[in-house]
Structures are given as structure tokens and as C-alpha cells.
Amino acid sequence: FHVNLVRATRYMQVAALFAHHEEAEVSPRGLPVRFVECPAVQKPGKRGTEDQWRAYRQARKAQNLSVQSLATVHELRATLDAMGAAGRTMVMAVDGSLCNRWLYREPIAGVEFIGRCRKDAALCWPAPPGTRRTYAASCFTPDQVRQDPAIGWEHQTVYYGGQRRDIRYKHVKGVLWRRGGGPRPLGLFVLAPQPYKNSPNGTTQYHQPAYLLATSERLDVRTLLQCYFD
């Protein structure tokens, strides 16, 4: 064991993505616009009192990474509005740890999210009209959508890996995510495994399929997918 170990400090970075590939065959660039310290709440020791543990549990709920991320998103949106961009939509491409109820359940004016979700997330359809239920009784997972032959694959061209590539995807609209988005309709994207080679003469290999949840029903498919790939 090392005697010089120190507690790590956690930071959250937000970058503005510039899609230079819209003008030339150039990869997108990210410009950091926020670098926020998000320290974790220190846990009481073995001799901590009940009051200390109660305060720790309350502080952990109020200072977790999702809450801090949501506050940063609101602050970014207010900054854009003050700079004269109130009419522009801010699309946040987030990783799997931020694809949760904190960011997806309550709509934020002028902000849309697209993030990677679990392949076994429990999704469902709205309940049939005339019932008192909000969610349908049966659930399905994104991986089941990928394997469902009744839902056909579509094609879209996006820029990634230094060139424009054709990708296959499935798009299902109006799904509900009880534990995440609640009654808010979401769009599910299932991306087929993308081929790649480690060397020009190497064998073709494939990435894992990706499962995305998007809050926007207004933005076109290409815009959302390109934001994720960027």
C-alpha cells in the first residue's frame, strides 16, 4: 500500500462542439466552456453518529453529480439567452451516467438531450385511451427492439472517424421510460454495430450496438445522430 494516497477531486467538463464537417471534410472540434468542481460528499467514519449519517445521506442527494449537472445546464442556457441566442436550441449529448430522471423527466425550455442508455432499460408505450393508467402493462427493452424483425433498419449518413459513413439505425418514437423520463415521450435510437479495422489489411471487426434516448421530437434524425457522433 502506498502511504501518499490522496482523495481524488472530481470535475465535470462541458464542451461546445463545432461541426466543421458541415463546411469541409474536417472532424468536429470541442471547445471547453465549463470546468466545474463536483466533489463527492465525504462519508462519516466508523464512529460516525446517527446525526452525521443522516446529514451525509441528505447531502449526498443534494450534491450528487446529476443535480450538479442539471444546475450547470440551466446556467449554460441562461448564458446563451443573455448572449442573444434565446431562439436557438441547445442539444446536450451526454454519457450513460447522465441519462437519468434528473435530466430527462422535466423539460427545460430550449434544451434537448440525447444520451446512451442501457440495453436492458425498461421501456413501454402509453396506456390505451380510456384507462386510468399512464403506462402500458407490458414493457420492452432497447435490445428487444434491435432484435425485432418487424421494425426495419433505416440508413443515414453521418460524419465520424474522419469521413462520411452510412450507418444503420432503428428509430421508435413516443416511448415512455418510467424510471427516467416518466410520462414524457422519448425517442429511441438503436444503432447497428459499426465496422472498423485496426490496420488497412486487418480483419473487419464490429463495435457494440448503441442505444440512445432523445427528448426531442422536433429535431430531425440526422441532427440528433450527428450530435451524438460528434
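The values are calculated or read from the model by the stated rules, or taken from the named source; none is laboratory data. Computed from a prediction, not measured in an experiment: that's the story for all the values here. Neighbour counts run over all protein chains shown; Cβ positions are idealised from the backbone, glycine included. Ligands, DNA and RNA are excluded from the accessible area calculation, which covers all protein heavy atoms including side chains. Shrake-Rupley method; radii C 1.70, N 1.55, O 1.52, S 1.80 Å.
If the requirement is being surrounded by 12 or more Cβ atoms within 10 Å (Cβ to Cβ) and over 23 Å from VAL158 (Cα atoms), which of these qualifies: VAL14, VAL3, VAL36, VAL26?
VAL36
How do the pairs read when you match residues in the stretch 67-84 that are without any contact (Cβ under 8 Å) to a residue 60 or more places away in the chain and of a type in the set (Val, Ile, Thr) with residues anywhere that are outside any helix (DSSP H, G or I) and open to solvent by 50 Å² or more (accessible area, probe 1.4 Å), using Cβ under 6 Å and keeping only pairs 6 or more apart or on different chains?
Here the result reads none, with nothing in the stretch 67-84 linked to a residue that is outside any helix (DSSP H, G or I) and open to solvent by 50 Å² or more (accessible area, probe 1.4 Å).
Taking ALA59 as the residue in question, decide whether it is open to solvent by less than 50 Å² (accessible area, probe 1.4 Å), under 30 Å from THR157 (Cβ atoms) and within 28 Å of the chain's Cα centre (by Cα).
In short, no.
Applying the selection to the stretch 66-89, what residues are open to solvent by less than 50 Å² (accessible area, probe 1.4 Å), hydrophobic (A, V, I, L, M, F, W, C) and closer than 20 Å to GLY180 by Cβ?
VAL67, LEU70, VAL73
Condition (residue is part of a loop (DSSP other than H, G, I, E, B), in contact with a Phe, Trp or Tyr (Cβ under 7 Å, 6 or more places away or on another chain) and open to solvent by 90 Å² or more (accessible area, probe 1.4 Å)) applied to the stretch 119-133: is it met by at least one residue?
yes
Kindly list the number of the only condition in (1) farther than 30 Å from GLU22 by Cβ; (2) without any contact (Cβ under 8 Å) to a residue 60 or more places away in the chain; (3) open to solvent by 40 Å² or more (accessible area, probe 1.4 Å) that fails for ARG179.
(2)
I need the full set of residues from the stretch 182-198 which are closer than 25 Å to PRO107 by Cα and open to solvent by 40 Å² or more (accessible area, probe 1.4 Å), in order please.
If the condition is that a residue be closer than 25 Å to PRO107 by Cα and open to solvent by 40 Å² or more (accessible area, probe 1.4 Å), then PRO183, PRO185 are the ones that fit.
Within the stretch 164-173, identify whether any single residue is part of a loop (DSSP other than H, G, I, E, B) and either of a type outside the set (Asp, Glu) or at positive phi (or both), and answer yes or no.
No, every residue in the stretch 164-173 fails to be part of a loop (DSSP other than H, G, I, E, B) and either of a type outside the set (Asp, Glu) or at positive phi (or both).
With (1) modelled with pLDDT under 95; (2) open to solvent by less than 60 Å² (accessible area, probe 1.4 Å) as the list, and TYR211 as the residue in question, which single condition is left unmet?
Going through (1) modelled with pLDDT under 95; (2) open to solvent by less than 60 Å² (accessible area, probe 1.4 Å) one by one, TYR211 breaks only (1).
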